[in-house]
Amino acid sequence: MSVQAVECAELRHRFGSVQALDGVSFEVREGEIFGLLGPNGAGKTTTMKVLVTLLRPQAGSARVFGLDVRRQTMAVRRWIGYLPQQLSADGALSGYENVWLFTRLYDVPRRERQSRIAEVLSLMDLQEAAGRLVKTYSGGMVRRLELAQALVNRPRLLILDEPSIGLDPVARSDLWDRVRRLRSETGMTVLLTTHYMDEAEQLCERVALMHRGRIAAIGAPEELKAGLGPETTMDQVFRHYTGSQIDQVGSIRDVRSARRTAARLG
Amino acid sequence: MSAVRAELPRDWVETHVVSGLRTLPSRVGTFCRLELYRVRHDQTELVTRAIQPALWLLVFGETFSHFHVIPTGKIPYLDYMAPGIMAQSALFIAIFYGIQIIWERDFGILTRLLATPTAGAALVTGKAFAAGVRAAVQSFIIFVLSAILGVHLNWNPVHLLAAVLVVVVSAAFFSCLSVTIAGLVLTRERLMGIGQAITMPLFFASNALYPVREMPSWLQVLSRINPLSYEVDALRGLLLGTPSDFALDAMVLIAAMLAGIAAASALLRRLAS
């Protein structure tokens, strides 16, 4: 039997009185683009933090290509490329220096370092801007740079936490085209979250809809739409499984973080 | 949309593995180099941060040199206080380093760094030494200013190198103290308040401005448990040639730094979650 890219079984985690994960179970197949959807506070980012080993779940298990995220932390991190929701490139450094940092943190051998930096900068069309300080980049360029950083270790699993937040439509479309192309050329698995249902529908082979720390539905977008009747849209699927009272969940911290990211993108 | 140009390798997946403590020197070197890149990109900060210590030397130092009210033996008062001001300059940089960590947390930089194959302790150590590098650069400016003002400095390269190490290790400790407080209070505003509240007591309850023997007894006790006193004592011995217990100074500073790294590492996850 082949190993799944991601296997989560009965994940549970509580922050104080909030049950962030309440028995989350799902699998991501190797090589697929999988979307984790849901309103703010549904548990998407908590699930991602478990998978990138930033959070130890209080119960349940999670594996990345068969590696236990609790016990094989460093090995898991070497398989993963991770893009958090916030803009994480350092504006006080150049694009080249930002990527160089990640080649060092992933222990890319010295003899390969320069070629690896050139490779990922070229993939993201950032060679010419590499010497400029990142604070002079446009929002789309910053996201591309972060994607370049996430690729220096040649990951098997790319985890993207709302990477299109704050981007204009052209930059969003460009970002997703690059992700699609990367997947088709490398066979890399992609796990992403987004609030844009049109993106999820176009990109993802399968999606999981999360609500209040649980998986409310899982399947291909077409299957989920067909399950609710003809001419159903993904927005309607989202509302059906997660409820329409979106403003009742999610903390001020989530909103502030999203606004901060959008503000940095300009 | 622009096309993806590069050819991707057939052996896409990375197989190179380095683990455990072997990564520590690499992380320290990486973050120190990164700090030098930052200094190179923005040199105005070096100048603005030099203003306050320069005023201490120019106004306080020059004035009290004329009064002869502080007994410093055969050493002119300006000479006596110059190493204290170098240490103060490094302290002021390091004690607010936690603010940078909170800023990095707010912008997702810390989360991303922690998602790389880097142990928390290695990350803290790397950041601590990076603060040390910046503090050393800042102290060098005060060193040059002191030389211009006529302070009789020891130019022996071995002593100068040892002085740089003293500043780096001390700043590493104070930056870890700052990160530890950041891990406890979690917000910039609270850290700023605490940083301001402890900086001056640390400075005045040390031998930076006056000899310990001239202090009231209760202040002498505080001075003896204050790592800044050991930093100043070591710098005075190395840069002025005054009697100092360098072995004790080095031992205290290294022990304080290791304790600081342990405390900051323990609280780093709390800061990132």
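Only the coordinates and a few stated rules stand behind these numbers; no lab work does. Every value quoted in this text rests on a predicted model; they were computed, and no experiment measured them. Cβ coordinates were reconstructed from backbone atoms using ideal geometry, including for glycine residues, and neighbour counts include every protein chain displayed.
May I ask for the distance between the Cα centers of region B:100-139 and region A:1-70, given as a whole number of Å?
So the separation of the two Cα centres works out to 27 Å.
Relative contact order for chain B: what is it in percent, counting Cα pairs under 8 Å that are at least 6 residues apart?
Relative contact order for chain B comes out at 25 percent.
Helix-only mean residue ellipticity at 222 nm, chain B, DSSP H runs n ≥ 4 weighted -39,500 (n - 2.57), per residue, nearest 500. What is it?
-24000 deg cm²/dmol
What is the mean projected area of the alpha carbon convex hull for chain B, to one decimal in square nanometres?
One quarter of the hull surface, i.e. the mean projection, equals 18.4 nm².
Just to check, using Stokes-Einstein with a Kirkwood Rh over alpha carbon pairs, what's the diffusion coefficient of the protein assembly as shown at 37 °C and 0.692 mPa s in µm²/s?
Details: Rh = 25.3 Å.
Roughly 130 µm²/s, to the nearest whole number.
Roughly how tilted is helix A:95-105, in degrees to the nearest 10 and between 0 and 90, from the longest Cα axis of chain A?
It works out to around 70 degrees.
Under a GNM of chain A (C-alpha, springs under 10 Å), which listed residue has the highest mean-square fluctuation: A:LEU151, A:LEU203, A:LEU93?
A:LEU93
For an R0 of 30 angstrom, estimate the FRET efficiency from the Cβ-Cβ distance between A:GLU231 and A:GLU185 and round to the nearest 0.05.
Calculated value: 0.30.
Mind checking Rg over Rh on region A:6-265, alpha carbons, Kirkwood formula for Rh? Spell out each step's value before the answer.
On the way: Rg = 18.1 Å, Rh = 18.9 Å.
Across region A:6-265, the Cα-based Rg/Rh ratio is 0.96.
Given the options B:ARG190, B:ARG134, B:ARG112, which has the most mean-square fluctuation in a GNM of chain B, springs set between C-alpha atoms less than 10 angstrom apart?
Sorting by GNM fluctuation, first place goes to B:ARG112.
In whole Å, what is the distance between the alpha-carbon centres of region B:142-180 and region A:153-196?
47
How would you classify region B:28-106 from its alpha-carbon gyration tensor, with a ≥ b ≥ c the square roots of the eigenvalues: rounded for a/c under 1.5, else prolate if a/b is greater than b/c, otherwise oblate? Present the calculation step by step, with values, prior to reporting the outcome.
Details: a/c = 2.76, a/b = 2.66, b/c = 1.04.
Prolate, because a/c is 1.5 or more and a/b exceeds b/c.
B:SER170: net charge of surrounding residues, Cβ under 14 Å, Lys/Arg +1, Asp/Glu -1, itself excluded? Write out the running numbers ahead of the final one.
Values: positive: B:ARG134, B:ARG236; negative: B:GLU231, B:ASP233, B:ASP249.
With Lys, Arg at +1 and Asp, Glu at -1, the neighbours total -1.
Set the Förster distance to 51 Å, then compute FRET efficiency between B:LEU160 and B:LEU184 from the Cβ-Cβ distance, nearest 0.05. Let's see the in-between values first.
Working: r = 37 Å, r/R0 = 0.72.
The value I calculate is 0.90.
In the Gaussian network model of chain A, springs joining C-alpha atoms below 10 Å, which of A:SER25, A:SER17, A:SER88 carries the largest mean-square fluctuation?
Taking springs between Cα atoms under 10 Å, the residue moving most is A:SER17.
Give the Cα extents of region A:1-61 along the principal axes, in whole Å, largest first.
Answer, in whole Å and largest first: 39, 23, 19 Å.
Which value, in Å³ per residue, describes the convex hull spanned by the Cα atoms of region A:40-103?
On the way: hull volume 6.7 nm³, N = 64.
Cα-based convex hull of region A:40-103, divided per residue, equals 105 Å³.
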